[in-house]
1. Got a sec? How would S59, S74 order by Cβ neighbour count within 10 Å, fewest to most?
2. What net charge is computed for the residues neighbouring M108, neighbours being all others with C-beta under 14 Å from the C-beta of M108, Lys and Arg scored +1, Asp and Glu -1?
3. Quick one: of K2/K35; K2/K36; K36/K101; K42/K118; K5/K66; K4/K94, which pairs are farther than 25 Å apart, Cα to Cα?
4. Would you indicate which of [x] 25.0, 86; [y] 15.7, 46; [z] 12.9, 33 is the value of Rg and Dmax of the Cα atoms in Å derived from the coordinates of this structure?
5. With a cut-off of 8 Å between alpha carbons and a minimum separation of six or more residues, what is the relative contact order of the chain in percent?
6. Any idea what the dipole of the chain comes to, in debye rounded to 20, about its Cα centre with Lys/Arg Cβ at +1 and Asp/Glu Cβ at -1?
7. Please report the net charge: other residues with Cβ closer than 15 Å to the Cβ of G12, K and R +1, D and E -1.
8. So if I take the centroid of the Cα atoms in segment 64-98 and the same for segment 1-36, what is the distance between those two points in Å?
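Just so it is clear, none of the values below were taken in a lab; they were calculated from the coordinates. Quick caveat, the model's predicted, so the values are computed rather than measured. Here Cβ is always computed from backbone atoms with ideal geometry, including for glycine, and neighbour counts include all displayed protein chains.
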Amino acid sequence: MKNKKLITALCGAAIGFVNGLLGAGGGMLAVPLLKKYGFSQKAAQQNAIAIILPVTAVSAGIYLYKDYVNLTDSFSYLPTGFLGAITATLLMKKFSNKWLKRIFAFFMLYAGVRLLLK
């Protein structure tokens, strides 16, 4: 039991570190880790969002406090971002775990290839 708590703490630290350093990617790390501990694809993705929200809020707060970002630059993305999040959340129940895994893998591969080629 002690070992599982340590692994969980290390995974949380890694998720926060990757998310804070890269501005994204914490969820990409969280989903496979949650699946490793028995979550279904759907549950892993849903819980990853719940993990990433407070982690991202902390990172964003520090970035704002340090004047690393201008919050008004992101305002134009928020309305459609919210709309996309609502739509995807409502549609998620219609996808099987198999298809969610494929979609997740596609985006991971796409992002990796895109980064390597730029």
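1. So the residues, fewest neighbours to most, are S74, S59.
2. +4
3. Over 25 Å Cα-Cα: K42/K118; K5/K66; K4/K94.
4. So the calculated entry is the one marked [y].
5. 21
6. For this selection, approximately 740 debye.
7. Within the 15 Å Cβ shell, the charges total +3.
8. What the calculation gives is 21 Å, centre to centre.
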